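Data first, discussion second: the structure below is written as structure tokens.
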Amino acid sequence: MRVISPSSLLFFSIITWVILFIITPYNYYYTQDTTNATIFLFLSIICFMLGANSFFKKEKNSYNRLIISTKINSIFKFSLITGIVGILLRIYQRIFIEKIFIFDNLTEFRFSALNDFNEPSMIEVLSSIMYPFGLTALIFYIYFSDKIKINKNIIYLAGIMYPLESLALGGRITIIVFLSMIFFSLFIKNFHKQRLFFRKRYIFIVIFFLFIFSLYSTSIVQTRLSTMGFNLLSYIDFLEVQRQVSVSGSFYNFVDRENFSGLGLYLFIINEIMHYYLVGVIEFIKLFNYNTTYEYWMGAHQFNVYLKFFSFIGIENLPSYQETLNSHHHPGQYTSFIGPALIDFGRFSLVYFFILGMISRKIYLDAISNRLTGLMLYPIVATTIIFSPMINLLMAQNLYILNSFLFFLLLVKMRY
């Protein structure tokens, strides 16, 4: 299990970032000095590492009775039913409120949704809160399938609706988050069952999914470029200006020969996937140089989901997410995990990272101790750490996942 400890995962993500940065044909450049931003980035990593190697020790398993108890089925059924109702509400929202079928394609709908800052309807609020409970039920089922007396296909359907919606709408991050959480859940389960996880068939499955995901990304990007009126070469020219990158001549010439089809397009997509993992750190450096006044939004940027809910129930004068974007150099760009914290807490976010490191270690130790809190929460924590160079996965809609897991654990705690 040490291989998926917080420190190990962060180290792995950093090494992955460095390797991709070396092999990418995109050469990033800056118009401002990067020294202070790089130092702050390094200190942020150190603070998290210190917290992730804090004094918490592994505890004895105190959940044996809970694990073999059938009484927990009632809480599981509540989570499953809540998730199914949330899915039905989400389908209603997409079809009848957002009128998805009036758009020519999903790319147009996606662009429209990104620019829609209207107050959410009751249906949207309820669906956002409820349908992640299906994923909660699925993660719990992975650990305790032998104790659950419900048709597994219903559970799978409730759980996979979360990435299926993203798939239907042409998204990718949600799919990656879902698969990563499933991976870590299975890894933890196999650890406690004392079974070898990295078998040949599992490695083959991972490679297969990566290949399918790359083909899916190719289709999505091709549709988006066509919708925006680009061909492949004009889009690369646009990216060089927009992203402040220069593309290596050999890569550009290869794409020029292949243009908008075949191997050239596929290779471009692979490099775009690499870019999305790299871009968070690149854009964080730009954000650091832009956000020099530090308004200190004190969590209103990362946790605006909660403020949106409070505003919905009538509490006034709370900062909106759009207001917090005044501290962002380029809204919509990933700025790693560190960027949103910088917007909220400025240089005091170093303390925030240390605390997050401590919390991550405690949840990790609970996971290897077979405690329910760790079993449920560590897949979220591990996924967040793995993708921390790219994006903060503990904000926006991903908070709804965390909320459903925490509420599930609260019900268990209250009853047992």
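The values are calculated or read from the model by the stated rules, or taken from the named source; none is laboratory data. Because the structure is predicted, anything quoted here is derived from the model rather than measured. Note: ideal-geometry Cβ built from the backbone for every residue, glycine included; neighbour counts use all protein chains shown. These accessible areas exclude ligands, DNA and RNA; they are computed on the full protein's heavy atoms, side chains included. Shrake-Rupley method; radii C 1.70, N 1.55, O 1.52, S 1.80 Å.
The table below lists the values:
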quantity: Any hit, region 393-404, residues being part of a helix (DSSP H, G or I), over 15 Å from the mean Cα position of the chain (by Cα) and more than 28 Å from residue 291 (Cα to Cα); calculated: yes
quantity: Filter pass, residue 69 being more than 27 Å from the chain's Cα centre (by Cα), farther than 30 Å from residue 247 by Cα and at pLDDT below 95; calculated: yes
quantity: Among residues of region 100-154, those that are modelled with pLDDT of 85 or more and touching a Leu at 6+ places or on another chain (Cβ under 6 Å), counted; calculated: 5
quantity: Selection from region 333-359 of residues that are open to solvent by 30 Å² or more (accessible area, probe 1.4 Å), modelled with pLDDT of 90 or more and more than 22 Å from residue 383 (Cβ to Cβ); calculated: 345, 348, 350, 351
quantity: Sole exception among (1) more than 27 Å from residue 5 (Cα to Cα); (2) touching a residue at least 60 places away in the same chain (Cβ under 8 Å); (3) surrounded by 14 or more Cβ atoms within 10 Å (Cβ to Cβ); (4) under 22 Å from the mean Cα position of the chain (by Cα) for residue 217, by number; calculated: (2)
quantity: Which listed residue, of 363, 380, is touching a residue at least 24 places away in the same chain (Cβ under 8 Å), on the phi < 0 side of the Ramachandran plot and assigned to a helix (DSSP H, G or I); calculated: 380
quantity: Among residues of region 120-171, those that are assigned to a helix (DSSP H, G or I), farther than 18 Å from residue 73 by Cα and polar (S, T, N, Q), counted; calculated: 3
quantity: Qualifying residue in region 190-197 (condition: in a loop (DSSP other than H, G, I, E, B), touching a residue at least 40 places away in the same chain (Cβ under 8 Å) and open to solvent by 20 Å² or more (accessible area, probe 1.4 Å)); calculated: no
quantity: Looking only at region 4-25, and only at residues there that are free of Cβ contacts under 8 Å to residues at least 40 places away in the same chain and either under 14 Å from residue 45 (Cα atoms) or polar (S, T, N, Q) (or both), the one that is surrounded by the most Cβ atoms within 10 Å (Cβ to Cβ); calculated: 8
quantity: Filter pass, residue 20 being in a helix (DSSP H, G or I) and modelled with pLDDT of 95 or more; calculated: yes
quantity: Leading residue by the ranking (surrounded by the fewest Cβ atoms within 10 Å (Cβ to Cβ)) among those in region 297-332 that are outside any helix (DSSP H, G or I), at pLDDT below 90 and polar (S, T, N, Q); calculated: 317
quantity: Options 246, 234: the member that is open to solvent by 20 Å² or more (accessible area, probe 1.4 Å) and outside any helix (DSSP H, G or I); calculated: 246
